[in-house]
Each structure stands twice: as C-alpha cells, then as structure tokens.
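The values are calculated or read from the model by the stated rules, or taken from the named source; none is laboratory data. Note that the structure is a prediction, hence the values are computed from the model and not measured. Positions of Cβ are generated from backbone atoms using ideal geometry, with glycine treated the same way; all protein chains shown enter the neighbour counts.
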Ligand code: C5P
C-alpha cells in the first residue's frame, strides 16, 4: 500500500505515455497522492485534461506560468514529494537529467528534486543501446537514480528489442519496493570510506593507487537507499557524489581518519577505501628538482583507519566491515585480517590482474564473518553493494526485516 505517499509523476514525450494514465490510476487505488508534471513532449501524447481527471490534481506544464508559480512554484513541486517517478523516461530526458539541463518545467523540477528519483525508460532499442544513452544512464545510476525497465518486446514502428516501458503494475511494484526498502535502515547512521588516498610528496607529486572508488561509492548508495543516514568519506575518484549521501572529500589517509572520527558515532562502518599504507615522512613545500640522483624518500606508516574504528571503545560502531584486496590465498588472508584488525566482517576480493576487478564493474567476493565464509558468485559491484547492504540491514535491524 502507498497510503499517504506523495508521488510526483513526470510524464515525458514517448508513445508509452498512454500507460502513465493507467499508472496514475493504479497509484491512487493504493492510496498515493499523485501530482503530475507534463513535459512539452509528453503533452503531444496525452492531454492535460486526462492527466488532471485521473490524478484529481492540477497538471503542471509551464515553467513561466505566473499562475502556477504563484500557486506552487517549481521548487515546492519537487520538494513536496516522497518520490519522483519519470515515466516514460525518454532518451532526451535522460540526457537532460545527466547534464543538468533545465529548459522547461519537467527538467527544472528534476534538477531541483530532493526526493529520490525512479525512472522508467522507454525508447527505440537503437536509442537505448546508443553509447550516449549508456553513458547518461551510468552517470544517473552512479548518482543514485533508480530504474525499472525497459523491457524486451515489441516496440513502436513494428520493431522488437529492449525499449518497452515497464507495465504500470511493474512500476507500482517497484515503487512499493522502494518505500519498503527505504525504511529498513531508517534512523541508523552509516559511514563508508571509498577510493584511494593520495599522499603528497611535494606540491605536484603523490603516492597513490589504482582504486576507482566504484565499490565503496556503490555501498554508500545502497545503504542510503535503505534509509541509513550515510556519510561517505571519499578519496580522489572520478565517481560522482551519490545524491542523498553526505560526501566528505579528502586526499590523505590522515584526512580520511579525521573525517571518519568526526562522523562518529555511527551504527555501521564499511571501510572500502584503498588507504595508502605509507606517506613520505616530510612533504616538500616546493617541487623537488631533478638533481642527477633520485631523492631519498623516507616513508612512514599511515594510520590504520579500520583498526582505529574497531578500537574506538564506546564509540565503536556496532558493526565494522573491512575489505581485503588479495591476489592469492584470498580467504585465508582475509580470515587472518579479520582477527588482526578486530572487525566483524571482511569482504575479501580477488584483485589478481587477470580478474580486472581494479577499475572494472564486476567483483568476485567472499564474505568472511566470525561464523562462516560465504563465496558469492561474480557479480557487478552494484550488486555486491546491494547484497552487502541487505546483510547489514538483516544484522542491524532484524525486527524490521521479519516484519516485511
Ligand atoms: O591492511 P590492509 O590494507 O590489507 O586492510 C584492508 C582494509 O583495511 C580495508 O578495509 C581498508 O579500507 C582498511 N584500511 C584502513 N586504513 C589503512 C589501511 C587499510 O582503513 N591505513
């Protein structure tokens, strides 16, 4: 049921827009309040009158309507929603969302939205598979936009392929799942470290590593999607900041430790960062000049953030999860590391060069706990994150889990 939930439905210009009329009806039947924004393109497929009649609400279309702005305003429209649903989501709207374009009311509302966003893409299969759409979608998902579909089947113009909008009932199921999931860790706080650290040698050089931050950022997104108040302490990466997550950008291990300590107390900490083990004992204030012989860089040990969190006494998170990147004896090394660091779980991942894990989208992991070792099949880093967040919720909020 969706009683009391406020859904802002953005209808954009695709033939599947007719199904959005049924979607409005299904959502209202389940008790949701549905307010609609019709894009210029959307208005070519369904009429404002149909949308208004089904939603029992005024339909919003014009960014520069004095009446609409006086009554509601585009910021309030997006702020007074628990979830924004874009159905159908055309290739055009995905591109505009990815690029932050606000050229009409529909796009402006999406740019201003504070609520989570769920998209139901619908387009020709060639547009769906175009590298531009693939890149836009990757970016939107990295920022935390959720997606249902598109489905395989017959498309407009007598073609078949992937591109059909999910059926209204499937979209309703996804919306209900969203609200169920987003309550699981509500009221709990999570801390995630991600990415590499950079240890300055001088103002232009640093010691670093190849960590992409993909896994850690995905975990922060997954915990936030379960409703945890999530802080992500991120080293330098190309990953975008996930929406709905407090992101603290740092460079060095010492800055990462300080940011983590500031984030305490938390219920769960997941240390997925590839922290540099060493830094130079002294950072040169000016660029070190080539002098015929290489400089003698004296190194010193960095603080172990995971271990420090585990030893934080009464500020220790209830659950501390570490990562172990290993190239051989993956599970045995991870078991030993769990004991040494004092953490509850270790996610051991095989980063032998042949696996392509570093920088890639897939991961092969083993979850090592005090009781057992679980070998997970190879899956995307996003799926590892979702699975791990699910285990964390089961451990920290089991009552809510059984209530589902
Ligand atoms: O000791 P090692 O680097 O193999 O341990 C990996 C785990 O410890 C990861 O969870 C990593 O985030 C964490 N770690 C840390 N601070 C360090 C080194 C590693 O938090 N200085």
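Based on this model, can you work out whether residue 374 counts as within 13 Å of the ligand (Cβ to nearest atom), over 28 Å from residue 251 (Cβ atoms) and free of Cβ contacts under 8 Å to residues at least 24 places away in the same chain? In short, no. Close Cβ contacts (under 8 Å, 6 or more residues apart or on different chains) running from residues in the stretch 311-334 that are farther than 20 Å from residue 215 by Cβ to residues that are within 13 Å of the ligand (Cβ to nearest atom) and not in a helix (DSSP H, G or I) comprise 311/342. The helices (runs of 4 or more DSSP H) found wholly in the stretch 53-119 and carrying at least 2 residues that are touching a helix residue (DSSP H, G or I) at 6+ places or on another chain (Cβ under 7 Å) and either buried (at least 18 other Cβ atoms within 10 Å of the Cβ) or not assigned by TED's automatic domain parsing to the domain that holds residue 13 (or both) occupy 74-79, 91-99, 105-112. Answer with yes or no whether residue 258 is surrounded by 14 or more Cβ atoms within 10 Å (Cβ to Cβ) and either within 16 Å of the ligand (Cβ to nearest atom) or at pLDDT below 95 (or both). Yes: the conditions hold for residue 258. Go through the residues of the stretch 149-157 one by one and say whether even a single one is in contact with a helix residue (DSSP H, G or I) (Cβ under 9 Å, 6 or more places away or on another chain) and within 25 Å of residue 6 (Cα to Cα). Looking through the stretch 149-157, at least one residue is in contact with a helix residue (DSSP H, G or I) (Cβ under 9 Å, 6 or more places away or on another chain) and within 25 Å of residue 6 (Cα to Cα). The residues of the stretch 238-255 that are assigned to a loop (DSSP other than H, G, I, E, B), within 16 Å of the ligand (Cβ to nearest atom) and surrounded by fewer than 18 Cβ atoms within 10 Å (Cβ to Cβ) amount to a single one, 251.
One residue alone among 133, 47 is at pLDDT 95 or above, surrounded by fewer than 23 Cβ atoms within 10 Å (Cβ to Cβ) and under 21 Å from the mean Cα position of the chain (by Cα), and that residue is 133. Checking residue 119 against (1) at pLDDT 95 or above; (2) over 22 Å from residue 239 (Cβ atoms): exactly one of these is not met. Which one? Single failed check for residue 119: (2). Residues that are away from the ligand (no atom under 11 Å from the Cβ) and closer than 30 Å to residue 397 by Cβ number at least 1 in the following strands (runs of 3 or more DSSP E) confined to the stretch 261-368: 268-271, 319-326, 365-368. Among the criteria (1) over 17 Å from the mean Cα position of the chain (by Cα); (2) closer than 25 Å to residue 227 by Cα, the one residue 97 does not fulfil is (1). The set of residues in the stretch 52-101 that are within 21 Å of residue 136 (Cβ to Cβ) and at pLDDT below 95 contains only 78.
Of the set (1) surrounded by 24 or more Cβ atoms within 10 Å (Cβ to Cβ); (2) touching a residue at least 60 places away in the same chain (Cβ under 8 Å), all apply to residue 278 but (1). Residues of the stretch 294-308 that are over 21 Å from residue 349 (Cα atoms) and in contact (Cβ under 8 Å) with a residue 12 or more places away in the chain: 297, 298, 299, 300, 301, 302, 303, 308.
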